[in-house]
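The values are calculated or read from the model by the stated rules, or taken from the named source; none is laboratory data. It should be emphasised that the depicted structure is a prediction, and the values quoted were computed from it without experimental measurement. Note that we place each Cβ from the backbone using ideal geometry, even for glycine, and neighbour counts take in every protein chain shown.
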Amino acid sequence: MSTSPEDRYERERAFHDDRFSKDERAADRFYGTIDRAAGEAFYRRLSALEAPADVLDYGCGAGAYAAIHLAQHGHRVVAVDLSQVAITQARARAKELGIADRIDFHVGNAEALDLPDNAFDLVAGTGVLHHLDLEAAYLEIARILRPGAGAIFSEPMGHNPVINLYRNRTPDQRTPDEHPLVMNDFELARRYFARVEPQFFTLTSLFIMPFASARSNKRLIDRLDAVDSVLFRRVPALRRHAWRVVLRLGSPHAA
């Protein structure tokens, strides 16, 4: 398989155009249940941003959830995605919600954005970094952020052998170029940002995945999330086996 950036971009674009056109990733509803703690942490951070600010939804996808949340909270929003299908659907969703005039949607390459330097107070994204060349992405995020500004991402982790077994058995649900984050990726981020703060989520709740009746048991999942929080705090070695990380990046280094 070719590893040139252009071929990788085309594979990613084709996969996501097809995925968003079909809208049939059956696991998404389950992910939304089991992944609630990371999602809540991510959106708490977005809600803490004082308005009005200039923000970028980096890889917005068809839902443009971060962009819509930020626009509804009074921010000036730009949303970018590699997939034209995603942008078309995201723009339609914003129009349905009556906020299309508050979000500037663009088809664009996250590793080479057609956006000016020092343009944003916040960059946010969910499930996007693990599709990218991280060094190029970190460099680009640092370039477009204002001095002292920050970024926040919710991403999958890549160390847990049980999760990786599932990934290997479901290749149709992901692109061949995906690379869930590993601990070294946080060290790489420190080349570009003075503040790198990963917060880890979801470990013990993975054990209920085979049990359909437990998937909708919010109380059980909440309890397991609380157990995870204690485990990750007291046993740092377990953090690498988390399913999700909410990654905060701040104070980009000057070029």
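Restricting attention to the stretch 187-204, the residues that are modelled with pLDDT under 95 and touching a strand residue (DSSP E or B) at 6+ places or on another chain (Cβ under 6 Å) add up to 1.
Filtered by the rule that a residue be in a helix (DSSP H, G or I), more than 12 Å from the chain's Cα centre (by Cα) and not hydrophobic (A, V, I, L, M, F, W, C), the stretch 41-74 gives Arg44, Arg45, Ser47, His69, Gln72. Yes or no: the stretch 244-255 includes at least one residue that is within 17 Å of the chain's Cα centre (by Cα), under 19 Å from Ser154 (Cα atoms), at pLDDT 95 or above and part of a helix (DSSP H, G or I). No, the stretch 244-255 has no match at all.
All of Ile163, Ile141 fail the test of being modelled with pLDDT under 95 and on the phi < 0 side of the Ramachandran plot, apart from Ile163.
Can you tell me how many residues in the stretch 85-133 are of a type outside the set (D, E, K, R), within 30 Å of Phe186 (Cα to Cα) and out of contact with any strand residue (DSSP E or B) (no Cβ under 8 Å at 6 or more places or on another chain)? The qualifying residues number 6. In the set Ala51, Ala100, only one residue is touching a helix residue (DSSP H, G or I) at 6+ places or on another chain (Cβ under 7 Å), surrounded by fewer than 21 Cβ atoms within 10 Å (Cβ to Cβ) and of a type in the set (Gly, Ala, Ser); that residue is Ala100.
Of the residues making up the stretch 54-68, those that are within 18 Å of Arg146 (Cα to Cα) and surrounded by fewer than 23 Cβ atoms within 10 Å (Cβ to Cβ) number 1.
Counting the residues of the stretch 205-242 that are at pLDDT 95 or above, within 26 Å of Leu129 (Cβ to Cβ) and not acidic (Asp, Glu) gives 12. In the stretch 69-89, which residues are over 27 Å from Pro5 (Cα atoms), out of contact with any Asp or Glu (no Cβ under 8 Å at 6 or more places or on another chain) and surrounded by fewer than 22 Cβ atoms within 10 Å (Cβ to Cβ)? His69, Gln72, His73, Gly74 - these are the residues of the stretch 69-89 that are over 27 Å from Pro5 (Cα atoms), out of contact with any Asp or Glu (no Cβ under 8 Å at 6 or more places or on another chain) and surrounded by fewer than 22 Cβ atoms within 10 Å (Cβ to Cβ).
A single entry from Asp177, Asp185, Asp121, Asp117 fulfils the requirement of being in a helix (DSSP H, G or I) and of a type in the set (Asp, Glu): Asp185.
Against the conditions (1) surrounded by fewer than 20 Cβ atoms within 10 Å (Cβ to Cβ); (2) in contact (Cβ under 8 Å) with a residue 60 or more places away in the chain; (3) farther than 23 Å from Asp228 by Cβ, Ala112 satisfies every one except (2).
Close contacts from the stretch 176-187, counting a first residue that is in contact (Cβ under 8 Å) with a residue 60 or more places away in the chain and a second that is assigned to a strand (DSSP E or B) and of a type in the set (D, E, K, R), with Cβ to Cβ under 6 Å and a gap of 6+ residues or different chains, come to Leu181/Glu155.
Could you go through the stretch 25-37 and let me know if any residue there is part of a helix (DSSP H, G or I) and either closer than 20 Å to Thr88 by Cβ or modelled with pLDDT of 95 or more (or both). For the stretch 25-37, residues part of a helix (DSSP H, G or I) and either closer than 20 Å to Thr88 by Cβ or modelled with pLDDT of 95 or more (or both): present.
If only residues of the stretch 232-255 that are of a type in the set (Val, Ile, Thr) and surrounded by 11 or more Cβ atoms within 10 Å (Cβ to Cβ) are counted, the one that is farthest from Glu40 (Cα to Cα) is Val245. When the stretch 144-159 is filtered for residues that are in contact with a Pro (Cβ under 9 Å, 6 or more places away or on another chain) and buried (at least 17 other Cβ atoms within 10 Å of the Cβ), the ones remaining, listed by number, are Ile144, Leu145, Ala149, Gly150, Ala151, Glu155, Pro156, Met157, Gly158.
When restricted to residues that are among the aromatic types (Phe, Trp, Tyr) and farther than 27 Å from Arg36 by Cβ, the stretch 116-168 contains 2.
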